[in-house]
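A short write-up of the structure that comes next.
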Amino acid sequence: MKIALMDSGIGLLPAAAAVRRLRPDADLVLSWDPDGMPWGPRTPEDITERAIAVAEAAAAHEPDVLIVACNTASVHSLPAMRARFEPRLPIIGTVPAIKPAAAGGGPVAIWATPATTGSAYQRGLIERFADGVAVAEVACPGLADAVHHADDEAIDAAIASAAARTPDDVTTLVLGCTNYELVAERIRAAVQRPGRPPLVLHGTAGAVAAQALRRIGVEPAPEAVGDTTLTVLLSGREATLPDTALSYDEGRFLRAVSPVR
């Protein structure tokens, strides 16, 4: 079994780690685009072109399923990607976790890239799943790029800016960019207000990992063992996990359990 994940940057690490925990016996292909990221400021057409190129690099390794571990690519490119690759290669998109977040009653804030914030796609999810719930859309310019480069100063500045624009009464926060899951606890600390109930965070890594397994008809088997491989593709070039990826727990976990070959 081989599972591929793609993103503009290292935001695919949380979903990859979730897949590895569910199926330690699966080979992994991680494909991202350091030459073209960040994708957020690009036009939808340019995002789609970059996303398909990154997916093509992963598809060349003949995975059983491809996880688009990128909200921006999912918002703008899923129809084109499915037209290109399915049914030969099943495509799993990443949808902001608005439905489970709204189920708690809110108020809810959605942190996302400028390209996703205010998009018809995200607005449609809010209308469909959060009717009657107070939802604040918070654009986070620069945060995904700062996380990708493991730039602590820039991460703190971007988080502080977004936190200042997040309503004080928010009880639930949707991490609408996969990169943000790598700094989830830093986000929690910035948004949590004194005297308020503990902030609830909703990411997508576990959900997309489980959906990928369902799509190819296999069950989670966290106890499974296997001599697995980890292939890393940087804008199509085979490489090892870069130091920036190893700045995060998820990257270090993947290197420890699946050495790059």
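Points worth noting:
- Note on residue 127 and residue 243: their simple-model spin labels are 4.8 nm apart, each label 7 Å out from Cα toward Cβ.
- Solvent exposure of the chain as accessible area per residue, Å², 1.4 Å probe: 41
- Gain in span if fully extended, residue 257 to residue 160, counting 0.36 nm per residue against the direct Cα distance: 31.5 nm
- Square roots of 5 times each gyration tensor eigenvalue, C-alpha, segment 97-186, largest first, Å: 23, 13, 11
- All-pairs Cα distance distribution in segment 1-115, expressed in whole percent, bin size 5 Å: 2, 12, 22, 23, 18, 13, 7, 3, 0
- Of the residues 183, 135, 225, the one that moves most in a GNM of the chain with alpha-carbon contacts below 10 Å is 225.
- For segment 145-261, the Kirkwood hydrodynamic radius comes to 16.8 Å, computed from all pairs of different C-alpha atoms.
- Extension gain, residue 21-residue 53: 0.36 nm per intervening residue step, less the Cα-Cα distance, totals 8.7 nm.
- Ligands, DNA and RNA left out, the 1.4 Å accessible surface of segment 103-261 is 52% carbon and sulfur atoms.
- Here the chain carries DSSP beta bridges of which approximately 10% are antiparallel, counting only pairs with both residues inside.
- Unit Cα scatterers, Debye sum, the chain: log10 I(q)/I(0) for q = 0.10, 0.12 Å⁻¹: -0.46, -0.66
- GNM result for the chain, Cα springs below 10 Å: residue of 90, 194, 63 fluctuating most strongly: 194
- Here the dipole of the chain is about 560 debye; that uses its Cα centre as origin and unit charges on the Cβ of Lys and Arg (positive) and Asp and Glu (negative).
- Cα centroid separation, segment 77-92 to segment 219-261 (Å): 24
- With both labels modelled 7 Å from their Cα along Cα-to-Cβ, the residue 1 to residue 189 distance reads 3.6 nm.
- Cβ-derived FRET efficiency at R0 51 Å, residue 120 paired with residue 229, nearest 0.05: 0.85
- Three-way shape call for segment 215-256 based on the alpha-carbon gyration tensor, with the a/c threshold at 1.5: prolate
The values are calculated or read from the model by the stated rules, or taken from the named source; none is laboratory data. Worth saying up front: this structure is predicted, and the values here are computed from it rather than measured. Neighbour counts are summed over all protein chains in view; Cβ atoms, including those assigned to glycine, are modelled from backbone coordinates with ideal geometry. Heads up: the accessible areas ignore ligands, DNA and RNA and are worked out on the full protein's heavy atoms, side chains in. Shrake-Rupley method; radii C 1.70, N 1.55, O 1.52, S 1.80 Å.
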